[in-house]
Amino acid sequence: DAKTTQPNSMESNEEEPVHLPCNHSTISGTDYIHWYRQLPSQGPEYVIHGLTSNVNNRMASLAIAEDRKSSTLILHRATLRDAAVYYCILRVENTPLVFGKGTRLSVIA
Amino acid sequence: DTGVSQDPRHKITKRGQNVTFRCDPISEHNRLYWYRQTLGQGPEFLTYFQNEAQLEKSRLLSDRFSAERPKGSFSTLEIQRTEQGDSAMYLCASSLGGASTDTQYFGPGTRLTVL
């Protein structure tokens, strides 16, 4: 399974943008980049995914480097509800998700 | 709410007992996944189904673990002769399948405590 590297933790002020980095230097051409997050005491939830181009949805934006060896999840205005563990996952088609330890995001009011 | 549901939400059992967990996926979702999560770790994949067919079971942690999805709808995960090391959160997810890559929707999990 392809590996991703994320910082263990990050902190953000409420209402500020947050940039969560992910390195995936061994990514292959068929790997999609998925982001899921897990709020306290809940199951993970889908955030966004992309292949080559940057992606936007109502929750976040995904910026993918031109060489695809890294990506950044962007939360445009962090709220207290965004405090969670964020997982960056490489996935080939519909294979099961392989989670790492993720980045624990703390949001300060 | 028609999301993924899991039952029970919490289970406390004594070592050596058998336990069974149930997962009801989102209606019409063909794929169903089971994961296990221990404290401080990300979820770990165990097994998954396409309709009633079990596509991957080599990641089940031992032969004490088994899963079924008899009619392609709900699924059960059974752990026989539980051990203290089985204490964890067991998560179920479902997805439509079929597309090049799809979204998995997770249930709230069943927290197992083995005494």
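Enter the accessible area per residue of chain B (Å², integer; probe 1.4 Å; all protein chains in place). Could you put the intermediate results ahead of the total?
Values: 5860 Å² over 115 residues.
Result: 51 Å² per residue.
Please say if the stretch A:58-107 is rounded, prolate or oblate, where rounded means a/c under 1.5 for a ≥ b ≥ c the square roots of the C-alpha gyration tensor eigenvalues, and otherwise the choice is prolate for a/b larger than b/c and oblate otherwise?
Details: a/c = 2.09, a/b = 1.40, b/c = 1.50.
Judged from the Cα gyration tensor, the stretch A:58-107 comes out oblate (a/c at least 1.5, b/c at or above a/b).
Just name one of A:G102, A:I89, A:L62: the one whose Cα is farthest towards the positive end of the charge dipole of the stretch A:45-109 (beta-carbon charges, Lys/Arg +1, Asp/Glu -1).
Of the listed residues, the answer is A:G102.
Within the stretch A:1-103, which GluC sites (Glu not before Pro) sit in a loop by DSSP and count at most 12 neighbouring Cβ atoms inside 10 Å? Spell out each step's value before the answer.
Working: sites: A:E11, A:E14, A:E15, A:E45, A:E66, A:E93; in loops: A:E14, A:E15, A:E66, A:E93.
Listed in order of number, the matching sites are A:E15, A:E66, A:E93.
Report, in cubic angstrom per residue, the convex hull volume of the C-alpha atoms of chain A. Write down the numbers at each step before the final one.
On the way: hull volume 10.1 nm³, N = 109.
It is 92 Å³ per residue.
If the only charges are +1 at each Lys and Arg Cβ and -1 at each Asp and Glu Cβ, what is the size of the charge dipole of the protein assembly as shown around the Cα centre, to the nearest 20 debye?
On the way: 24 positive and 24 negative charges, 126 e Å.
In debye, rounded to 20, the protein assembly as shown gives about 600.
If each of B:Q80 and B:L96 carries a label point 7 Å out from its Cα toward its Cβ, how far apart are those two points in nm?
Rounded to a tenth, the inter-label distance reads 3.9 nm.
Name the most mobile residue of B:R22, B:R64, B:R36, meaning the one with the largest mean-square fluctuation, in a Gaussian network model of chain B with Cα contacts below 10 Å.
Looking only at B:R22, B:R64, B:R36, the biggest GNM fluctuation is shown by B:R64.
How much length would be gained if the chain were fully extended between B:L61 and B:S73, taking 0.36 nm per residue of separation minus their Cα-Cα distance, in nm to one decimal?
Working: separation 12, 0.36 × 12 = 4.32 nm, distance 2.35 nm.
Separation in residues times 0.36 nm, less the Cα-Cα distance, equals 2.0 nm.
Tell me, which longest segment in chain A has none of the trypsin sites (Lys or Arg not before Pro) that fall in DSSP loops with at most 16 further Cβ atoms within 10 Å?
After excluding every exposed loop site, the longest remaining stretch is A:4-57.
Placing +1 at every Lys and Arg Cβ and -1 at every Asp and Glu Cβ, with all other atoms neutral, what dipole size does chain B have around its Cα centre, in debye to the nearest 20? Don't jump to the answer; show the numbers that get you there.
Values: 14 positive and 13 negative charges, 87 e Å.
Charge dipole of chain B: 420 debye, to the nearest 20.
Based on Cα positions only, what radius of gyration and what Dmax would you give for chain B, in angstroms?
My reading of the Cα-based Rg and Dmax gives 13.5, 43 Å.
List the residues of the stretch B:32-54 whose backbone N lies under 19 Å from a point placed 7 Å from the Cα of A:V92 along the Cα-to-Cβ direction.
B:45-50
Dipole of the protein assembly as shown (Lys/Arg Cβ +1, Asp/Glu Cβ -1, origin at the Cα centre): which of A:H49, A:N13, B:N18 lies farthest to the positive side?
Of the options given, the answer is B:N18.
GNM on chain A, C-alpha springs below 10 Å: top fluctuator among A:T26, A:T79, A:T95?
Maximum fluctuation in the GNM of chain A, among the listed residues, is at A:T95.
Starting from the Cα gyration tensor of the protein assembly as shown, take the square roots of the eigenvalues, sort them a ≥ b ≥ c, and report rounded, prolate or oblate (rounded when a/c is under 1.5, otherwise prolate if a/b is larger than b/c, else oblate). Present the calculation step by step, with values, prior to reporting the outcome.
Working: a/c = 1.93, a/b = 1.51, b/c = 1.28.
Taking the square roots of the gyration eigenvalues as a ≥ b ≥ c, the protein assembly as shown is prolate.
Give the cross-link partners of A:K101 among the aspartates and glutamates, using a straight C-alpha distance below 13 Å as the criterion and excluding same-chain residues fewer than 8 apart.
Excluding near neighbours in sequence, the set is B:E44.
Placing +1 at every Lys and Arg Cβ and -1 at every Asp and Glu Cβ, with all other atoms neutral, what dipole size does the stretch A:49-109 have around its Cα centre, in debye to the nearest 20? Can you show the working numbers first?
On the way: 8 positive and 4 negative charges, 44 e Å.
It comes to approximately 220 debye.
Please give me the summed charge of the neighbours of A:L39: other residues whose Cβ is under 10 Å from its Cβ, Lys and Arg +1, Asp and Glu -1.
Working: positive: A:R37, A:R81; negative: A:E45, A:D82.
Net charge in that neighbourhood comes out at 0.
Can you tell me the length gained on complete extension of the stretch B:R9 to B:S27, counting 0.36 nm per residue apart and subtracting the Cα distance? Intermediate results must be reported in sequence, preceding the final value.
Working: separation 18, 0.36 × 18 = 6.48 nm, distance 2.02 nm.
Difference between extended and current length: 4.5 nm.
The values are calculated or read from the model by the stated rules, or taken from the named source; none is laboratory data. Because the structure is a prediction, the values reported are computed rather than measured. Cβ sites come from the backbone with ideal geometry, for glycine too, and all protein chains shown count toward neighbours. What goes into the accessible areas is simple: the full protein's heavy atoms, side chains included, and nothing from ligands, DNA or RNA. Shrake-Rupley method; radii C 1.70, N 1.55, O 1.52, S 1.80 Å.
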